[in-house]
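Asker: Structure provided below as structure tokens; questions to follow.
The values are calculated or read from the model by the stated rules, or taken from the named source; none is laboratory data. Since the model is a prediction, treat every value here as computed from it, not as a measurement. Here the Cβ positions follow ideal geometry from the backbone for every residue, glycine too, while neighbour counts run over all protein chains shown. Calculation scope for accessible area: heavy atoms of the full protein, side chains included, ligands and nucleic acids excluded. Shrake-Rupley method; radii C 1.70, N 1.55, O 1.52, S 1.80 Å.
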Amino acid sequence: MRLLFIVTTAAIIAFLTSQVSGNKLTSQDRARISFKSTDHDFGTVPTGSEAKHYFVFTNEGKSPLVIMNVRTACGCMVPSWPREPIAPGKRDSLAVEYNTKIRGTFSKSITVQSNASTPSVELKISGTVVKTK
């Protein structure tokens, strides 16, 4: 299934690339991902509660934006992101959930890879998980 997604995404990117500027995208023609904020502090969170944040972004470019992968710094986070292309001018979000069964202070990074003019963007989450009373 993952291989099918990668092949499909590659085909979409190749098609979109061929449709703009005779097979050559200039930086002005490419998708451009712009996050409302690139970091989030959960503050103090009780053990076992939900710690989920939505990073809102906009495609400020002229071509559809395709998020190809989202990598987390550890298995303590679960990301989810839109799998379909984001049209120019449209906004969407990427969710990151932290495992609050792990107590203590955390500061973690998330890497977003896309077809945008800046192909890699780093997001950060932080906070402290404390024992439930």
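Asker: For residue 97, project a label point 7 Å along Cα to C-beta. Then give me every residue of the range 50-76 with its amide nitrogen under 16 Å of that point.
Answerer: Inside the label zone: 50-55, 72, 75-76.
Asker: Would you mind getting the accessible area per residue of the range 38-85, heavy atoms of the protein chains only, 1.4 Å probe, in Å²?
Answerer: Normalised by residue count, the accessible surface of the range 38-85 is 51 Å².
Asker: Moving on. How far apart, in nm, are two points set 7 Å out from the Cα along the Cα-to-Cβ line at residue 78 and at residue 56?
Answerer: 2.5 nm
Asker: Can you flag which of 108/133; 36/90; 52/108; 52/124; 36/108 are past 20 Å Cα-Cα?
Answerer: On the way: 108/133 25 Å; 36/90 13 Å; 52/108 13 Å; 52/124 13 Å; 36/108 18 Å.
Over 20 Å apart, Cα to Cα: 108/133.
Asker: Here is a further query. For the range 29-96, restrict the atom set to alpha-carbon positions and state the Rg and Dmax in Å.
Answerer: 13.8, 46
Asker: Would you mind counting up the charge near residue 61? Only other residues with Cβ under 10 Å from its Cβ, with Lys and Arg at +1 and Asp and Glu at -1. Mind dumping the intermediate values first?
Answerer: Values: positive: 30, 32, 62; negative: 29, 60.
It works out to a net charge of +1.
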